[in-house]
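The values are calculated or read from the model by the stated rules, or taken from the named source; none is laboratory data. Keep in mind the model is a prediction, meaning the values are calculated, not measured. Please note: Cβ atoms are built from the backbone with ideal geometry, for glycine as well, and neighbour counts cover all protein chains shown. Remember, those area values only see protein heavy atoms, side chains included, never the ligands or the DNA or RNA. Shrake-Rupley method; radii C 1.70, N 1.55, O 1.52, S 1.80 Å.
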Amino acid sequence: MKGYSLAALLCGSVILVAGNVQATPLALGTNITVFDNQSAVPLSSTTIMGYDGVGQGFEDQETEPGTLRGNAWDLEGVFLDGNSLSMVGEWDFVNGSSVHQIYSGDIFIDVNGGAEFDYVFDVDWDAKSYDIYEIDGDTTFIEPSYKTQSGHVSRDSGGAWLAAGTFSTFSGLSNADAGFFGLDNHFAVTGFDLTSIATDLGLSTLLEFSFHFTMGCGNDDLRGQSPVPEPATMLLFGTGLAGLARFRRRQLR
Ligand SMILES: [Ca+2]
Ligand SMILES: [Ca+2]
Ligand SMILES: [Ca+2]
Ligand SMILES: [Ca+2]
């Protein structure tokens with residue numbers, strides 16, 4: 001009887017945790033978006049100033065303080081499925097903003113929490129391909145033309161070439177299909193493969209990393225953090241045991 005109760009309590013906890021895992025209808029994996037550490041109180045409800053949005057990392061319907069708030073600049077989220085990274089936005093990743101002559105940057109990855117990123121997907125958005133470089137002392141970067149707080153836009157030169165790959169794109173996604181608010185015109189890019197970075201570090205899967213992406217002006221900064229499975233598992237286990245303890249106390253009365 002007690003064994004049955006423990007199983008029931010743990011199963012209940014598993015369902016609860018699974019329910020918190022966010023995935024878009026596109027099935028891009030787990031939403032690993034975190035707050036970008038740039039926030040501001042909106043000055044008005046017009047499209048003048050950026051501000052914090054809603055959803056995971058407050059990223060949906062958000063651009064950075066003092067920037068154009070329009071949906072066309074909104075980066076929505078970053079997703080992880082195994083070793084594969086994806087991004088969703090109402091920002092057109094591939095074409096950028098031809099009106100403003102602003103285009104997508106590269107994808108930066110940190111693996112050790114240091115001051116500088118460690119790897120970069122140097123993306124050719126037109127060709128839908130990328131080269132991964134390990135960042136070293138000779139690597140130079142292009143910084144945002146306007147919102148410098150949004151960090152590196154792209155790799156300019158240098159670094160050690162590691163691998164090449166390709167990615168896939170989606171466009172014209174409805175709010176429902178994308179899983180975010182907006183004007184029913186979302187874009188997604190998927191298939192940025194972390195495997196070669198993991199291999200470079202002697203791992204099969206890259207378990208701990210952080211992610212950064214912005215566009216040429218830095219209007220929106222998109223940050224991600226790898227999920228941490230161990231504490232979640234311990235919390236889950238602890239929740240189950242606490243529930244069991246309460247159950248036992250009730251039985252003793
Ligand atoms: Ca922000
Ligand atoms: Ca949005
Ligand atoms: Ca955003
Ligand atoms: Ca942002």
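Which net charge results for the neighbourhood of Ser150, defined as the other residues with beta-carbon distances under 12 angstrom from its beta-carbon, given Lys and Arg at +1 and Asp and Glu at -1?
-3
Calculate the spin-label point distance for Ser39 paired with Ser204, positioning each point 7 Å from the Cα along the beta-carbon direction, and give it in nanometres.
Spacing of the two 7 Å Cα→Cβ label points: 4.0 nm.
At a Förster radius of 30 Å, what calculated FRET efficiency corresponds to the Cβ-Cβ distance of Ala115 and Thr169, to the nearest 0.05?
0.40
For the stretch 24-231, what % of the accessible area comes from carbon and sulfur atoms, probe 1.4 Å?
54 percent
Residue separation times 0.36 nm, minus the C-alpha to C-alpha distance between Glu143 and Ala27: what's the value?
38.5 nm
Per-residue accessible area for His100 at 1.4 Å probe radius, Å² rounded to 10?
Solvent-accessible area, nearest 10 Å²: 100 Å².
Counting only other residues whose beta carbon sits under 12 Å from that of Gln225, what net charge do I get with K and R as +1, D and E as -1?
Cβ neighbours under 12 Å give a net charge of -2.
What is the sum of charges, Lys and Arg at +1 and Asp and Glu at -1, for the other residues whose Cβ falls under 13 Å from the Cβ of Asn31?
Taking every other residue near Asn31 into account, the sum is -3.
What value does the stretch 113-186 have for Rg/Rh, both radii from Cα atoms and Rh as Kirkwood defines it?
Taking Rh as the inverse mean 1/r over Cα pairs, Rg/Rh reads 1.08.
Compute the distribution of all C-alpha to C-alpha distances in the stretch 24-231, in bins of 10 Å from 0, and list the percent of pairs in each, rounded to whole numbers.
Pair shares across the bins are 9, 37, 38, 14, 1, 0.
According to a simple spin-label model (label point 7 Å from Cα along Cα-to-Cβ), what is the distance in nm between Asp126 and Ser84?
It is 2.7 nm.
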